[in-house]
Structures are given as structure tokens and as C-alpha cells.
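Notes follow the structure.
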Amino acid sequence: MKLSFFFLFIAVISFPSAKTQNTTTTPTVCNGYADLCSRPYSQVAFVATHNSYAYGGVPAINQFFDISTQLKDGVRVFLLDGHNSTTGSDIELCHTSCTLLDTGTVANTLKNITSFLQKNPNEVITIFWENYDNIDPLRYKAEYDKAGLTQYCFTQPVGTWPTMAAIIQSGKRVINFIDTNANVNTVPWLMPEYSYVFETPFQNSDANAWQCTVDRPKNKPQQMYMVNHFLYISIQGGAIEIPQPQSAASTNSDNLANPVRNVFYTLLS
């Protein structure tokens, strides 16, 4: 599995129709750990998968397993790419081009997350959108509506984040960010990523030379951060980059430690 590590603040990083409701019960376990309940969301580290939907038998895959399996494995942050459908009004999950890799509509994938949340009431999920085709947020909302996920979406102004327990108690347990074309007036829960989060570079090809810079937004650190820790390989003289799934066993191991320390001490200290 190809991982991005989503680090927050100073930490190192069939679809039923039932409606979610606030609960007065304080959770004792949050995302699997009791000690996370009292922490603000911005001080919890999550494992994220880059191009989470991109799995299968083509060179453009980033993952070995689908999102349902990733959820079972403990992944709680998903990086998704929204593309205009070539056949209708739906938004498709594609990698670079829908002719290269197309795993279907956004709604069909989001239904898996809805089902997971209904079965796991003490879990918080985060979704990052690369808005490849600069799609209007209202169209994303329509996909969420079809998947039954809108009811779980949390809205947070820029500033101090609530605790994980408070988010779970609210019943709104999905945090959503989008990289371009956010409109908090029409879809307030689809929040502008770079007002909250910065990322390290994602175009890495050398497992011994991870880049430790504020890449997006350029030179503008934010309260939370994402460490991109996956490799690409260039082909056709560098004109095309494809993932290196064969490197997953090494990049998702001790190789992660130094980049994490470097981000913290170089960019945040």
C-alpha cells in the first residue's frame, strides 16, 4: 500500500438510510485509542493513502487494496482525485486521465465510507480532494448526497480544533478538504485545504532523498501538515511518472522515520 502520512499540528502524523444524530455519551475510545479522545483533531497523526482508489492491474495504480480493505487495515485519511465523467454528469475517480485508470463514480466509493461509519460510531475519517477538473463544490455535494455521507460532514472554521471526542459526539465524523475551487458559502464542510494544511513535495523518486520543504502552499506553513512518503519512477525520458508499488515494503517501514523528524525539526521548530 502506498502511503502518505497526514500529520496534524505538532504531532508527527448496501448503504442504509439511517440518519446520524448527536450523542450525549462521551466516547471512551476514539479511532481505536482511549488517549486520542482528549486530543484536538489537529494534534493527532493519521495514516493516509495517496490516490486511495487507484488499485487494480494497470501501471497507474498506487494501492494494492480497495478502500474497504484499507479501512479495515486502519487507514483513516483518503486522498481522492475528482474528474469529470466522459459519459454523464457524475464525478469519476481517475488517475491523471479516465482513459488510464477509472474506478467509477465518487458516490459508489463514498458509500463504502458511509457503511463503515455506520458500523463504527467512534471513528473519524478525513478526505482530501485533488480537484483535477476544477469541479464546482455543489457537484461534490451531490455525490456525497447519493452516498449518504453528507450527514456526517464536519465544518470547522480556521482556528482551534475540537477534540476527537467532541467531533464524535457531534455525529459529524468526516473532515473534508479540497485543493482548489472551494466555496464555503455553498458547501461549508468542503474546506479549502491550504487554509488548514501544508504538504511536503509529492514528486519523490529517491528513497534516500525525501524532500523536506513546504511545497503546497509554497513556503506557507499551516497549522497541520501532510508528509508525502511514496515514490514514483520516470519513464520515457522523464515525460511520464508512474508509481513504484514494489517499493511499498521499504518506504512504509523504518525509511519513514527520518523524513518525519526532518519535517518536525526543520519546518516546525
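The numbers here are math on the coordinates, done by the rules we state, and not lab data. Keep in mind that what you see is a predicted model, and the values were worked out from it rather than measured. So basically every Cβ, Gly included, is an ideal-geometry build from the backbone, and we count neighbours across all protein chains shown.
Restricting the calculation to Cα positions, tell me the Rg (one decimal) and the Dmax (whole number) of the chain in Å.
Expressed in Å, the Cα Rg and Dmax of the chain come to 17.8, 59.
Report the residues of the range 108-141 in range of a label on F202: point 7 Å along Cα→C-beta, backbone N strictly under 14 Å from it.
The answer is 127-134, whose backbone nitrogens lie closer than 14 Å to the label point.
For a protection proxy built on the mean count of beta-carbon atoms within 10 angstrom, sort 147-160, 115-128 highest first, please.
115-128, 147-160
Please express the shape of the range 151-213 as an equivalent ellipsoid: the semi-axes are the square roots of 5 times the eigenvalues of the C-alpha gyration tensor, given largest first in whole angstrom. Display every interim value, and only then the final one.
Values: eigenvalues 163, 49, 21 Å².
So the three semi-axes of the range 151-213 are 29, 16, 10 Å.
On a 25 Å Cα-Cα criterion, which of the cross-link pairs K72/K146; K141/K172; K119/K141; K111/K218; K172/K218; K111/K172 come out too long?
Details: K72/K146 23 Å; K141/K172 15 Å; K119/K141 23 Å; K111/K218 34 Å; K172/K218 31 Å; K111/K172 16 Å.
Exceeds cut-off: K111/K218; K172/K218.
Using θ = phi - 60° and the Karplus form 6.51 cos²θ - 1.76 cosθ + 1.60, what ³J(HN,Hα) does each residue of the range 27-34 get, whole Hz, x for Gly and Pro?
x, 9, 9, 10, 6, x, 9, 5
Using Cβ counts within 10 Å as a stand-in for footprinting exposure, how do Y33, Y194 rank, fewest first? Display every interim value, and only then the final one.
Numbers: Y33 11, Y194 17.
Exposure proxy ranking, most exposed first: Y33, Y194.
Neighbour counts of other C-beta atoms within 10 Å: give me L110, L267 arranged from fewest to most. If you can, show how the numbers build up before the last one.
Values: L110 26, L267 15.
By the 10 Å Cβ count, ascending, the order reads L267, L110.
List, largest first, the extents of the alpha carbons of the range 34-108 along their principal axes, each in whole Å.
The Cα atoms of the range 34-108 stretch 47, 26, 18 Å along the principal axes, largest first.
Quick one: putting +1 on the C-beta of Lys and Arg, -1 on the C-beta of Asp and Glu, what dipole do you get for the range 3-268 around its Cα centre, in Debye to the nearest 20? It would help to have the intermediate numbers written out before the result.
Numbers: 15 positive and 20 negative charges, 163 e Å.
So the dipole magnitude of the range 3-268 works out to roughly 780 debye.
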